[in-house]
Amino acid sequence: MAVQPLTIRGANIWIGRKAEQRDLYTSDVVLDKPANGALAVDLDGYTLFPGLINAHDHLELNHYPRSKFRDRYDNAHQWGEDMNARLDTEPYQSLRAYPLWDKLFIGGLKNLLCGATTVVHHNPPHKELWRKDFPVRVLRNYGWAHSLHFSTDEEVVRSYRATPKDWPWFIHLAEGTDDIAAGEYQRLKALGCVGSNTVIVHGVGMTDEDIADAASRVRGLVWCPTTNFFLLGSIWGSVATVKRWLAAGGCVALGSDSRLTSDDELHGDLLGEDLIAGPAGLGGFDWLTIEPAKIIGLAAPKLSPNQYADFNVTRKGTAIRRSSYELVVKGSIPQIGDPDVMMKFPHIETVDATLDGVPKRIHLDLARRIHQCSLKEPGLEVDVLPKRKYQIFQRKDTKNAKNQ
């Protein structure tokens, strides 16, 4: 289906350090001039920000409850062992049995609702992540190893060597406060896996000497503050690591991790991570856009020609909670927004919804996928779909399934 071109008038367009009032022309990407047949939309008084980039998530794990089995851990490897020992107990056994698509979809939906339209998935590259109807864009060209504890040395080296040098290669590293965490960077370096495409996730336990060495060698550090606080008992160790990393000239971006460890009261999303980083004088919009783009090898997200028309709309500056967006747009198509804003796009069929108690309207196609998913997104309620249209969609999906 062709995307309806738009001419958005009167809005303030974020261009880096400030916003400027000008028209924005879009199809699925931003255009340099109005397209034929474009729909004019007045967004005077609103500000448009590029879609956010989540630099670290495990997309198929966001339907699990936040879990730990000790007050604090010296190392996330201990948490992983505790977690693995309980996978065949409830509620984890039942949650593991859900279809992969549904699990991935909930992870994508979590990100879309917080305005993160591009996500880095730190797990196998499931083909479902690149379906046209997946809620967000997922980085396609990447390499990864889980960690030096849950991957063998041979697996780590094989993964690193198989990853093209212009692709980012991700690994959980030094996620702890003990001597094991403190020694992991040198272990990785000895394996020959510290290079210009290496991306370190967490890095809490790295020594000052290791940070000074790594900051000039690797692509960057991804920080997940609410996970660090939850597992390790304090956020300040990771704050100190991040500040030393920045002082050494390194690049830092924020990631949400999955809801197994991120802050469920903050919806386990990227906005929650930024909210926690802020009081420490860290985070901010660049850490959600420009910096992760550098780390993962994408162009910095700007609402300029030929870039994806992914943007978030607010009246009061950048959002701090997902429900405070007036609109979230992916590929020039409004996905969810306040009812009065969604009404400005009459070509979009929508359904009533509430997000964390705030009334919203949601795109009919997205609402259909939400209703078809066997898992539910906490805090999101979507009204029953129009019966006739829902039946049409069901017939199409059934026909497509038979043809696959």
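The values are calculated or read from the model by the stated rules, or taken from the named source; none is laboratory data. All values derive from a computational prediction rather than experimental measurement. Glycine gets a Cβ as well: all are built from the backbone with ideal geometry, and neighbour counts include every protein chain shown.
Residues that are within 14 Å of the chain's Cα centre (by Cα): find the strands (runs of 3 or more DSSP E) completely inside the range 184-297 holding 2 or more of those. First the steps, then the outcome.
Details: elements: 198-202, 220-223, 252-254.
Output list reads 220-223, 252-254.
So, in the range 40-63, how many residues would count as being in a strand (DSSP E or B) and under 25 Å from Phe134 (Cβ atoms)?
9
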Check on Thr227, among the hydroxyl-bearing types (Ser, Thr, Tyr), within 21 Å of Val119 (Cα to Cα), out of contact with any strand residue (DSSP E or B) (no Cβ under 9 Å at 6 or more places or on another chain) and in the same structural domain as Trp169 (by TED's automatic domain parsing): no
Do you know which residues across the range 157-193 are closer than 19 Å to Val239 by Cα and hydroxyl-bearing (Ser, Thr, Tyr)? Thr177, Tyr185
Would you pick out the residues in the range 65-97 that are among the small types (Gly, Ala, Ser) and in contact with an Asp or Glu (Cβ under 6 Å, 6 or more places away or on another chain)? Ala76
Can you spot a residue in the range 253-262 that is more than 19 Å from Tyr64 (Cα to Cα), in the same structural domain as Arg219 (by TED's automatic domain parsing) and not hydroxyl-bearing (Ser, Thr, Tyr)? yes
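Among the residues of the range 49-70, is there at least one that is without any contact (Cβ under 8 Å) to a residue 60 or more places away in the chain, surrounded by fewer than 19 Cβ atoms within 10 Å (Cβ to Cβ) and over 25 Å from the mean Cα position of the chain (by Cα)?
Yes, the range 49-70 contains a residue that is without any contact (Cβ under 8 Å) to a residue 60 or more places away in the chain, surrounded by fewer than 19 Cβ atoms within 10 Å (Cβ to Cβ) and over 25 Å from the mean Cα position of the chain (by Cα).
Look through Val351, Val341 and report the one residue that is part of a helix (DSSP H, G or I), touching a Pro at 6+ places or on another chain (Cβ under 9 Å) and β-branched (Val, Ile, Thr).
Of the residues listed, the single one that is part of a helix (DSSP H, G or I), touching a Pro at 6+ places or on another chain (Cβ under 9 Å) and β-branched (Val, Ile, Thr) is Val341.
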Identify, from the list Asp102, Asp88, the residue that is outside the structural domain of Tyr325 (by TED's automatic domain parsing) and touching a Ser or Thr at 6+ places or on another chain (Cβ under 7 Å). Asp102
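Residues are listed down the side, and each one gets a yes or a no for (1) in the same structural domain as Asp166 (by TED's automatic domain parsing); (2) surrounded by fewer than 19 Cβ atoms within 10 Å (Cβ to Cβ); (3) not hydroxyl-bearing (Ser, Thr, Tyr):
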| position | (1), (2), (3) |
| --- | --- |
| Asp269 | yes, no, yes |
| Gly272 | yes, no, yes |
| Ala280 | yes, yes, yes |
| Gln307 | no, yes, yes |
| Phe311 | no, no, yes |
| Val329 | no, no, yes |
| Ser332 | no, no, no |
| Pro339 | no, yes, yes |
| Met342 | no, no, yes |
Filter result for the condition that a residue is in a loop (DSSP other than H, G, I, E, B), over 26 Å from Leu303 (Cα atoms) and touching a Gly at 6+ places or on another chain (Cβ under 7 Å), over Arg72, Arg66, Arg86: Arg72
If we scan the range 148-160, do we find a residue that is touching a strand residue (DSSP E or B) at 6+ places or on another chain (Cβ under 6 Å) and under 20 Å from Cys224 (Cα atoms)? no
